[in-house]
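What follows is a set of notes on a single structure, which appears directly below.
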Amino acid sequence: MTSTGRRRSGLLIPLFSCPSTASWGIGEIADLAPTTAWLARAGQRALQLLPLNEMADGQQSPYSATSALALDPLFLRMADVPEFAAAGGEAALSGDDRRLLTEVRRAPRIDYAGVRQLKRTSLAMAFDRFYDGEWVPDGRRAYAFREFLLEQALWIDNYALFRALQDQAPGTPWTLWPSALRDREPAALDQARRDLAKRILYYAYVQWLADGQWRLAHAQARANGVALFGDLPFMVAGDSADVWANQASFRLDVSVGAPPDAFSATGQDWGMPLYLWDEIAKSGFSWLRKRAWRHADLYDGYRVDHLVGFYRTYGRPKDGTSPFFTPAEERDQLALGERVLGILCESGAEIVAEDLGTVPDFVRESLTRLGIPGFRVFRWERLWEQPDQPFRDPADYPALSLATSGTHDTEPLAVWWASTSPDDRRQIETLPTMVRITNGGPLGELPFNPFVRDSLLEALFASGSNLLMLPVQDVFGWEDRINEPATVTAENWTFRLPWPSDRLGEAPEAEERCARLRAWCATHDRL
């Protein structure tokens with residue numbers, strides 16, 4: 001399914017960034033309800049999330065997942081797990097764990113290690129109660145769990161087995177497992193399923209809990225009139241259930257990345273295995289179809305990360321030889337990209353394509369033919385072929401596009417404006433849309449302030465793009481980053497809203513923004 005063509009706006013807010021007063025130091029699935037309720041009052045019709053796939057131990061980037069299909073237990077609301085509540089809830093935690101819970105709740109940023117430790121302990125407690133009280137006697141909840149296993153059989157069997165096998169050799173990648181398990185010999189897998197049956201059941205149980213909480217939160221978001229947009233990462237980690245289960249589809253001696261672009265003068269190396277597109281095609285793109293089905297099952301729509309990679313994948317051989325694109329020829333690149341996007345569209349979800357960076361013209365022409373909106377990032381929307389490379393007026397953005405002030409990888413609007421040249425600011429000041437919004441008043445000579453912020457934001461509301469998606473930092477004018485590409489720091493992916501999501505209505509700044517967003521939606525036909 002491609003863009004619906006309705007004029008709408010929404011915000012990009014990572015789920016981890018919007019904990020409520022009940023959360024354990026990180027935004028949780030149940031926090032979607034108060035967040036989307038606030039968005040609805042603000043006239044917003046979409047919430048763009050970052051990937052919610054289960055991350056590997058020690059990771060905090062949602063783009064480095066141990067599974068492209070499983071939800072991360074980090075986002076579970078433990079108080080809503082019946083077995084945890086029956087076991088005594090937070091009061092049943094040890095003294096050390098209760099102290100840790102207090103610490104992660106008070107922390108200004110997300111303590112991933114602390115949150116994960118608490119949820120693992122609590123989920124183990126809940127599962128033991130479920131196993132003895134429901135699974136063994138074949139109770140009512142056991143029946144519902146079995147139904148889930150049947151519905152999700154396309155992916156959950158391999159996932160749960162992989163996670164149980166990981167527990168047998170913590171920290172050891174699957175490529176170093178005993179050869180029979182590494183190579184997925186049927187007899188070895190059958191034996192592992194028998195030996196690890198209870199642990200396999202545990203991992204499936206956790207996904208069942210996450211699925212139930214997600215279905216409820218999604219229904220509440222829809223009741224609020226807000227669509228949930230997910231994010232389909234281009235790649236998955238090499239040490240993942242997906243690569244282990246689909247080894248013929250990946251080349252492990254080559255790392256995927258990006259050529260030099262606006263983010264990095266030397267390009268990027270993501271350390272993830274390369275797709276073997278010929279082998280994937282032989283399988284009928286079966287794993288990609290599972291991903292498309294799973295995302296359509298979870299979300300109303302989703303952003304396709306690093307869209308150009310599905311047309312031509314940039315590989316860096318680990319032996320140091322020259323990087324290359326696969327497929328190598330433009331004709332084959334076009335055929336591959338359109339085949340992949342066709343599969344994603346068949347899932348029924350609304351698709352938007354992140355077409356930023358070094359993207360050849362034929363890719364954007366292909367998106368237009370397919371009716372899939374690409375991104376129009378204000379700071380990069382310029383007439384590059386003209387002298388002085390003037391900014392493109394937002395009114396000229398095509399209807400089939402997603403307008404935005406930035407992404408989770410860019411510096412916020414406030415930081416960008418402070419570093420923008422005087423010439424660029426003067427160009428922006430004279431854009432016809434900006435002149436209408438400011439009544440011809442000065443803009444370029446001003447430091448970043450509420451007037452500058454709101455003038456830039458309203459220009460995007462007035463843009464020709466049918467879909468507008470703004471990072472929450474830019475709406476408020478904050479300088480906090482979500483991520484700085486090509487870096488690994490303790491600050492990346494740890495941003496939290498300054499107020500609990502269930503108290504947004506009590507924060508004067510949030511209420512002022514709520515009213516302003518709704519007014520812009522009314523003025524520019526986005527309600």
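Things to note:
- Multiplying the residue separation of LYS198 and ALA107 by 0.36 nm and removing their Cα-Cα distance gives an extension gain of 29.2 nm.
- A simple spin-label model places the labels of ARG141 and ARG129 0.7 nm from each other, with each point 7 Å out along Cα-to-Cβ.
- In terms of surrounding Cβ atoms within a 10 Å radius of their Cβ, VAL226, VAL359 rank from fewest to most as VAL359, VAL226.
- In order along region 156-168, the Karplus-derived 3J(HN,Hα) couplings, from 6.51 cos²θ - 1.76 cosθ + 1.60 at θ = phi - 60°, round to 6, 5, 5, 4, 5, 5, 4, 5, 5, 5, 4, 5, 6 Hz, and Gly and Pro are given as x.
- Rounded to the nearest 20, the Cβ-based charge dipole of region 329-422 about its Cα centre (Lys and Arg +1, Asp and Glu -1) stands at 180 debye.
- Computed extension gain for GLU411 through ALA399, at 0.36 nm per residue and net of the alpha carbon distance, reaches 1.7 nm.
- Size of charge dipole - region 41-194 - debye, nearest 20, with Cβ of Lys, Arg +1 and Asp, Glu -1, no other charges: 580 debye
- Qualifying GluC sites (Glu not before Pro) in region 359-412, DSSP loop, other Cβ atoms within 10 Å at most 14: GLU385
- Residue order, fewest to most surrounding Cβ atoms within 10 angstrom, among ARG316, ARG193: ARG193, ARG316
- Charged-residue dipole, Cβ positions (Lys, Arg, Asp, Glu), the chain about Cα centre, Debye nearest 20: 960 debye
- Length gained on full extension, GLU329 to ASP96, computed as 0.36 nm times the residue gap minus the Cα-Cα distance: 78.0 nm.
- Estimated inter-spin distance, ASP253 and ARG425, nm [label 7 Å along Cα→Cβ]: 5.4 nm
- Per-pair calculated FRET efficiency, R0 = 56 Å: ASP525 and ALA79 via Cβ, rounded to 0.05: 0.85
- Rounded FRET efficiency, nearest 0.05, which uses the C-beta distance separating GLU506 from ALA219 and R0 of 35 Å: 0.85
- Listed residues TRP24, GLY440, PRO260: farthest to the positive end of the dipole of the chain (Cβ charges): TRP24
- For LYS290, the lysines whose Cα falls under 23 Å of its own Cα, not counting residues fewer than eight places away in the same chain, are LYS282.
- Anisotropy class of region 29-172 from Cα gyration tensor, a/c 1.5 cut: rounded
- Across region 93-100, computed HN-Hα scalar couplings (Karplus, 6.51 cos²θ - 1.76 cosθ + 1.60, θ = phi - 60°) run 5, 5, x, 5, 5, 5, 5, 5 Hz from first to last residue, x flagging Gly and Pro.
- Bridging of LYS198 to lysines at a Cα separation below 20 Å is possible for LYS119, once same-chain residues fewer than 8 apart are set aside.
- In the chain, a dipole from Cβ-located charges (positive for Lys and Arg, negative for Asp and Glu) runs towards its positive end, and of ILE156, LEU209, GLY238 it is LEU209 whose Cα lies farthest in that direction.
- Approximate spin-label separation ASP278-GLN386, in nm, with each point projected 7 Å along Cα-to-Cβ: 4.6 nm
Since every read-out is calculated from the coordinates, none of them should be taken as a lab result. Owing to the predicted nature of the structure, the values given are computational and were not obtained by experimental measurement. Here the Cβ is made from the backbone with ideal geometry for all residues, glycine too, and neighbour counts use every protein chain on show.
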